[in-house]
Structures are given as C-alpha cells and as structure tokens.
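Derivation of every value follows stated rules applied to the coordinates shown; laboratory data play no part. None of these values were measured; they are calculated from a predicted model. All Cβ positions, glycine included, derive from the backbone under ideal geometry; neighbour counts span all protein chains shown.
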Amino acid sequence: MPNIVEKMSTNYSPNFELKPRSKKSIKYLIFHYTGMKHDRSAIKKLTNEKSKVSCHYYVTKIGNIIKLVPDIYISWHAGKSKWKKDEMLNVNSIGVEISNPGHQFGYRQFNKKQINCIIKISKSLIKKYRIKKQNILGHSDISPLRKKDPGEKFPWKFLAKKKIGIWHKLKPNECKKLRGKKLELKQKFFLVKLSKFGYDINYSNLADLKKIVKSFQRRFRPELVDGIIDKECFKIIKSLVL
C-alpha cells in the first residue's frame, strides 16, 4: 500500500482481540458510516476502551485514512451479524468506518475525497487478502434488523464499476418501469433468493421483515427505500442470484 501508507496516520484503539488471526481468515470487507456529527467525536468513541467498539480503518470527512487496529487483529465493528453461513463477522472481516452523520444527524452524500480514499484502501485490501467481490458488504447487509449504514447514499454502483463489490446489470429504464408495481408472486420467492444471496431472512414480525427488505433496497435500489417487495426488487435479486 505505498501510496496509501504515505497518507495514513495511526490512532490505535484498545478495542480488539489480543490473539492475532491468520491472514487466510480474512474474507470480508465491511463498510460503515460513523453516525456521528464530527470526526473528533467518532474517533474518541472508537478509541475509548469503555465503548467496546472499533474498526481497522477510519476515513475522515476530508478523505484521510487513520488506522485504528492492525489487520492481523480482530476489531469490534460488526457485532451480532450474519452472512450466508458465517456469523459474528468480526472474526473474519476488516471494518472501514467512514465519517458521515448518518440518518440520525442529517445523512449526507459521501464526498469525492472520501470516495477516492475508499477506492484506494479497498483495492489494496482486496489484493492483499484476495477478498471476493461478493464479500464486500455494508453493515446493514450483515445486520439488517439493527443497522442502516452505510446507507442508500453510499456509492455501491460506482464502486462496482471500480471492481469493488457487486451491482446488478439491469438497465435503469427497465428497473424504473417495475418500481412500485405490485409483485404477483408470493414474497417467499423473493426471500428464498435473498437468503441464497446471503442475507439473514429470519424475522419474527412484519416490522422486522420490512427492515430486511429496506436493507436490500439501500444496497441495490436506493431510489426508493420503503420496505415493500415490488417487481423491481424481485427482478434485481433474480439477476444477482443465478
């Protein structure tokens, strides 16, 4: 990471597992937003022993990188999480926190400097740990009942063009025509494909189901995040699950 290391500073967090992990165990890259108003507050929380949270890399508001936990150690960024058969993804992931006030404090677009920074650090980590594009996820993907980050304004489509993560290949006009159209098929067919793709579809009530659907929409249909399974959602998941 020569060009990244030059611009990277360190502010080590005490919140990590003391036992180092093997390089081969790292298979996921997870993006978060801080959900806090200022870098200073977010970094203070991530480096406070009492908070019990941390991440490996922090992307500031102006696009600088701060390393908080070395890759070889497990940081505490994912919490209760699941993707396909893997649970508690802290063990085998690298967490990247990006400065953004989030939905609670005036969610905003990620700026160009942040996006360029995300691209550089991601490409470096993907190459170093051979992370598969389908294993590049958001916090809400792996914890849909608890989390909304990095949210619908995160540039997933743009990043996929840079070979970071995945995106569907459907044409925008084709999707728009199906948006809001009632799905004639039973929702279970959508959920079966959603589960096959990786999402945890276990829910106990309709409110939880809506959160799961919203998580998918934030990732792949950010134009309308309403928690309703429509024809567009079904078309998108069909294109992602072969």
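Numerical summary
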| item | result |
| --- | --- |
| Those residues of region 114-137 which are of a type in the set (A, V, I, L, M, F, W, C) and either free of Cβ contacts under 8 Å to residues at least 60 places away in the same chain or not in a helix (DSSP H, G or I) (or both), in sequence order | I115, C117, I119, I131, I136, L137 |
| Residue count for region 163-193, restricted to those that are over 30 Å from K127 (Cβ atoms) and of a type in the set (A, V, I, L, M, F, W, C) | 8 |
| Check on I98, farther than 18 Å from Y129 by Cα and within 14 Å of the chain's Cα centre (by Cα) | yes |
| Criterion: closer than 18 Å to D141 by Cβ and aliphatic (A, V, I, L, M) - qualifying residue of L29, L18 | L29 |
| When residues of region 181-214 are limited to those that are in contact with a helix residue (DSSP H, G or I) (Cβ under 7 Å, 6 or more places away or on another chain) and of a type in the set (S, T, Y), the one farthest from W83 (Cα to Cα) | Y203 |
| Selection count where residues are assigned to a loop (DSSP other than H, G, I, E, B) and in contact (Cβ under 8 Å) with a residue 12 or more places away in the chain, scope region 189-242 | 14 |
| Strands (runs of 3 or more DSSP E) fully within region 1-113 counting 1 or more residues that are in contact (Cβ under 8 Å) with a residue 60 or more places away in the chain, polar (S, T, N, Q) and surrounded by 16 or more Cβ atoms within 10 Å (Cβ to Cβ) | 93-98 |
| Residues within region 114-130 that are surrounded by 14 or more Cβ atoms within 10 Å (Cβ to Cβ) and either farther than 16 Å from P150 by Cα or of a type in the set (G, A, S) (or both), tallied | 8 |
| Selection from region 194-234 of residues that are under 16 Å from Q134 (Cα atoms), out of contact with any strand residue (DSSP E or B) (no Cβ under 9 Å at 6 or more places or on another chain) and surrounded by 17 or more Cβ atoms within 10 Å (Cβ to Cβ) | L194, F197, F216, F220 |
